[in-house]
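Undergrad: My questions will all concern the structure given below.
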Amino acid sequence: MPLEAPARIVSELTSRGYNAEREAVTQLASADQTDAVLERVLEELPEDALVVRTEHVESALAGLDSESVISSSRSESDPSVSTGTADPTDGGSVSSSPVETGGYSGGSREPTDPDLRSLEIVGDMTGESTGTGEYEDFVSVFRDRLEKLGSKLRGRVNHRPATAIEDMPGGSDVAMVGLVNDVRSTASGHWLVELEDATGTFPWLVMKDREYVDLVDELLCDEALAMQGTLSDDSGIAFVDSMYFPDVPRTYEPSTADRHVQAALISDVHVGSEEFMEDAWNAFADWLHTEQAQHVEYLLIAGDMVEGVGVYPDQDEELEIVDIYEQYEAFNEHLKRVPGDLEIVMIPGNHDAVRLAEPQPGFDEELRSIMSAHDPRIVSNPSTVTVEGVSVLMYHGVSLDEVIAELPEDKASYDDPHKAMYQLLKKRHVAPQFGGHTRLAPEEEDYLVVEDVPDVFHTGHVHKLGFGKYHNVLAINSGCWQAQTDFQKSVNIDPDAGYAPIVDLDTLDVTVQKFS
Ligand code: D5M
Ligand code: FE
Ligand code: ZN
C-alpha cells in the first residue's frame with residue numbers, strides 16, 4: 001500500500017463532499033482493493049450521511065467479502081470507537097478535511113416540530129453582578145475559587161492549612177490544597193511552587209528528576225491544585241511527591257440527545273470590520289436553508305458579534321462601519337438571513353459593547369432590542385446552556401491567548417486551539433491566570449470556575465478552528481468570519497475564516513462545513 005494512501009482517500013472523500021472518521025480511513029487504506037471498497041462504501045452510504053464511519057466500511061467489506069472480491073486483510077478494530085474519545089490529543093483541526101460546500105442541490109429544510117426542542121440556560125450571571133472593584137471583592141472571588149475547586153481536591157489528599165504545615169515535625173508526610181502564587185526555578189534547576197490558602201503560603205519544591213516535572217510547565221498563576229509530599233528537616237519547605245488537578249474524571253460519560261439533531265457552533269463574526277466575510281456568511285446562511293442542514297436546529301455564537309470600536313490600537317483604520325450601534329444593526333440584518341426556526345444562543349466577546357472584564361454580563365436592553373432577529377437567547381460570557389440534554393459551556397476565549405503564550409507548543413498552540421481548551425478543563429477554570437490579557441471583574445462568587453463538567457466546551461476568540469475530546473468532553477474552538485487583519489498579518493496569525501463546525505448532539509461527532 002502506498003504511504004500516501006490515507007491522504008488520497010481523505011481528499012477523494014472530501015472532493016465528493018464527505019468527511020471520514022480517522023479509523024474508517026485506516027480501514028480503507030488497509031483493504032486489498034481500496035478503490036473498490038471506497039466505491040461500495042459511497043454507494044451504500046445513507047443519503048443524509050456526511051461522515052464515512054467504520055461501520056460503513058465494515059459493512060462494505062462484508063458485502064464485498066461475501067462476493068469474494070476481497071481477501072480479509074482488514075484490521076480488527078472496534079466499530080464502537082468514535083473519533084477522539086480514546087486519546088485526548090486526538091482531534092481535528094482545520095487540516096482534517098472539512099466538507100466543501102458549494103452549489104446546493106436537493107430540497108430545502110422542513111421546519112421541525114418546536115415541541116421536540118429543549119433549551120435551558122443553567123449558568124448566566126447577567127444581572128447578578130455585585131462587585132464594586134474594591135479590594136474585598138478580590139479577596140472574596142479568590143476565596144470562592146479556592147472553596148469551589150478545593151472541594152474537588154480535598155477528598156484526594158489528607159491536606160493541612162499552610163500555617164499548620166510550618167508547625168509539623170520535619171520529615172512528616174504533608175499535603176495542601178491551594179492556589180498557585182508563584183512558580184520559579186532554583187539555581188540548581190529544580191522548581192519552587194508557592195501555594196496559597198486562606199491561612200498563608202507554603203513553598204513546595206519539585207525536583208528536576210521527578211517524572212512529573214513536566215507538569216510544572218503547565219502551571220498558571222492562580223490555578224487551584226493539591227500537592228502532597230515530605231517536609232524538609234527544618235519544616236521550611238516540602239518536597240513534592242504528587243500533584244493533583246481538579247480535572248475532569250477520565251471516565252466522564254457525556255449526555256447526548258435522544259434524537260438526531262445538530263447544532264452549529266460559531267463565533268467571531270466581526271460585522272463592521274472591512275474584513276468581515278459577507279459572502280462566506282451568506283453562503284452559510286443559505287446552506288442552513290437546505291435539506292442538508294435539516295437537522296441543524298441550534299446556532300450557538302461564542303462572542304465577537306461585531307468588530308466594535310477602540311478595541312485595539314489603530315483598529316479604526318479597518319472599520320467598514322464606525323458606529324457601534326450601526327454595527328449591531330448590520331449584524332442583526334445578517335442574522336435575519338439564517339432560518340427563522342433556529343434557536344440561537346449568544347454570549348459577548350472582547351469586541352462587544354459590554355464590560356471587558358470577565359465574567360461579562362449579556363448585552364444590555366438597548367443592544368438586545370437591536371439584535372432581535374429570531375429572538376435569540378442572550379447570556380453572559382461564560383454561560384452554560386443545556387441543549388437537548390447536552391450541556392454546553394460557552395466561553396469567548398480571551399484566556400486562550402495566555403494559555404498559548406505560557407505553555408509549551410505541544411500543550412497549547414494556535415494551530416491546535418482545542419489543546420489549550422483541554423488545559424482549562426483540567427484546571428476547571430475558564431481563565432485561571434489573573435492580571436495579564438484576561439481582565440477579571442471581582443465578584444462575590446467566581447463565575448469562571450467550571451463547577452460541573454460540561455459535555456461540550458465551546459470557545460472562539462483565537463480565530464482558529466480546532467476540536468477534539470478531553471476525557472470524553474468535546475472541546476471546539478470555532479474559527480471566525482473575518483479575513484486576516486493587518487495586525488494578524490504582522491504577527492503571523494492565519495485565521496480559519498468561514499467554517500462552521502456542526503455537532504451531532506446525539507453522538508457528539510463533529511463535521512466541518514466550509515464556506516470560504
Ligand atoms: O482576536 C483574534 C486573535 O488575534 C486573538 O488571538 C488575539 C489576537 N489579536 C488580534 N488583534 C490583536 C492586537 N491588536 N493585539 C493583540 N492581540 C491581537 P480578537 O480579539 O477576537 O479579534
Ligand atoms: Fe474575535
Ligand atoms: Zn475575541
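Undergrad: Out of every Cα pair in the stretch 210-267, what percent are spaced more than 15 Å from each other?
TA: More than 15 Å apart: 70 percent of the Cα pairs in the stretch 210-267.
Undergrad: Also, quick follow-up: When a/c is below 1.5 the answer is rounded, else prolate if a/b is larger than b/c, else oblate, so apply that to the chain with a ≥ b ≥ c taken from the square roots of the Cα gyration tensor eigenvalues.
TA: oblate
Undergrad: Another one. Could you quote the convex hull projected area for the stretch 397-516, Cα atoms only and averaged over all directions, in nm²?
TA: Its Cα hull, projected and averaged over all orientations, spans 8.3 nm².
Undergrad: A follow-up question, please. Using only the Cα atoms of the stretch 423-465, what semi-axes does the equivalent ellipsoid have when each is the square root of 5 times a gyration tensor eigenvalue? Give whole Å, largest first.
TA: For the stretch 423-465, the semi-axes come out at 18, 16, 9 Å.
Undergrad: Further question on the same structure: Non-local amide H neighbours of E320 (under 5 Å, H modeled in plane, Pro and chain starts lacking H): which ones?
TA: S273, E274
Undergrad: Can you tell me the FRET efficiency between A164 and A285 if r is taken as the Cβ-Cβ distance and R0 is 51 Å, rounded to the nearest 0.05?
TA: Here the calculated transfer efficiency is 0.25.
Undergrad: Find which of T132, G349, A62 sits farthest along the positive direction of the dipole of the chain, computed with +1 on the beta-carbon of Lys and Arg, -1 on that of Asp and Glu, about the Cα centre.
TA: After comparing all options, I get A62.
Undergrad: If I compute solvent accessible area with a 1.4 Å probe over the protein chains, what percent of it on the chain is carbon and sulfur?
TA: Reported share for carbon and sulfur atoms: 47 percent.
Undergrad: Over all directions, average the projected area of the Cα convex hull of the stretch 97-197 and note it in nm².
TA: Average projection, Cα convex hull of the stretch 97-197: 16.6 nm².
Undergrad: Further, regarding this structure: For T201 and H437, what does the FRET efficiency come to when R0 = 22 Å and r is the distance between their Cβ atoms, rounded to the nearest 0.05?
TA: 0.30
Undergrad: Also, quick follow-up: Going through the cross-link list K152/K469; K419/K469; K152/K427; K148/K427, which pairs have a Cα-Cα distance over 19 Å in this structure?
TA: K152/K469
Undergrad: I'd like to check one number: the per residue accessible area of the chain, probe 1.4 Å, reported in Å² as a whole number.
TA: About 42 Å² of surface per residue is accessible.
Undergrad: For E278 and T130, compute 0.36 nm times the residue count separating them, minus their Cα-Cα distance, and round to one decimal in nm.
TA: Stretched out fully, the E278 to T130 stretch lengthens by 49.4 nm.
Undergrad: From the C-alpha gyration tensor of the stretch 303-433, pull out the three semi-axes of the equivalent ellipsoid (sqrt of 5λ each), sorted largest to smallest, in whole Å.
TA: 27, 20, 13
Undergrad: Quick check: pseudo-label points 7 Å beyond the Cα along Cα→Cβ at D217 and D234, how many nm apart are they?
TA: 3.3 nm
Undergrad: Run the numbers for R250 and E39: contour at 0.36 nm per residue of separation, minus the present Cα-Cα distance, in nm.
TA: Residue separation times 0.36 nm, minus the Cα-Cα distance, leaves 72.1 nm.
Undergrad: Taking amide H positions as placed 1.01 Å from N in the peptide plane, with prolines and chain starts having none, which residues 5 or more places from G131, or on another chain, fall under 5 Å of its amide H?
TA: E444
Undergrad: I'd like to know which of Y499, H295, L424 lies farthest towards the positive end of the charge dipole of the chain, counting +1 on Cβ of Lys and Arg and -1 on Cβ of Asp and Glu.
TA: L424
Undergrad: Apply the Karplus curve 6.51 cos²θ - 1.76 cosθ + 1.60, θ = phi - 60°, to the phi angles in the stretch 177-184 and return the couplings in whole Hz, x for Gly and Pro.
TA: Result, rounded to whole Hz: 10, x, 9, 6, 9, 6, 10, 9.
Undergrad: Over the stretch 230-323, what is the mean sequence separation of C-alpha contacts under 8 Å (at least six apart), divided by residue count, expressed as relative contact order in percent?
TA: 32 percent
Undergrad: In the stretch 365-516, what % of DSSP beta bridges are antiparallel (nearest 5)?
TA: 70 percent
Undergrad: For a label point 7 Å from the Cα of R156 along Cα→C-beta, name the residues of the stretch 204-237 whose backbone N is under 12 Å from it.
TA: Output list for this probe position: 224-228.
The values are calculated or read from the model by the stated rules, or taken from the named source; none is laboratory data. Here the structure is a predicted model, which means the values were calculated and not measured. Every residue, glycine among them, receives a Cβ derived from its backbone with ideal geometry; neighbour counts consider all protein chains shown. Accessible surface is based on the protein model in full, side chains and every heavy atom, while ligands, DNA and RNA are left aside. Shrake-Rupley method; radii C 1.70, N 1.55, O 1.52, S 1.80 Å.
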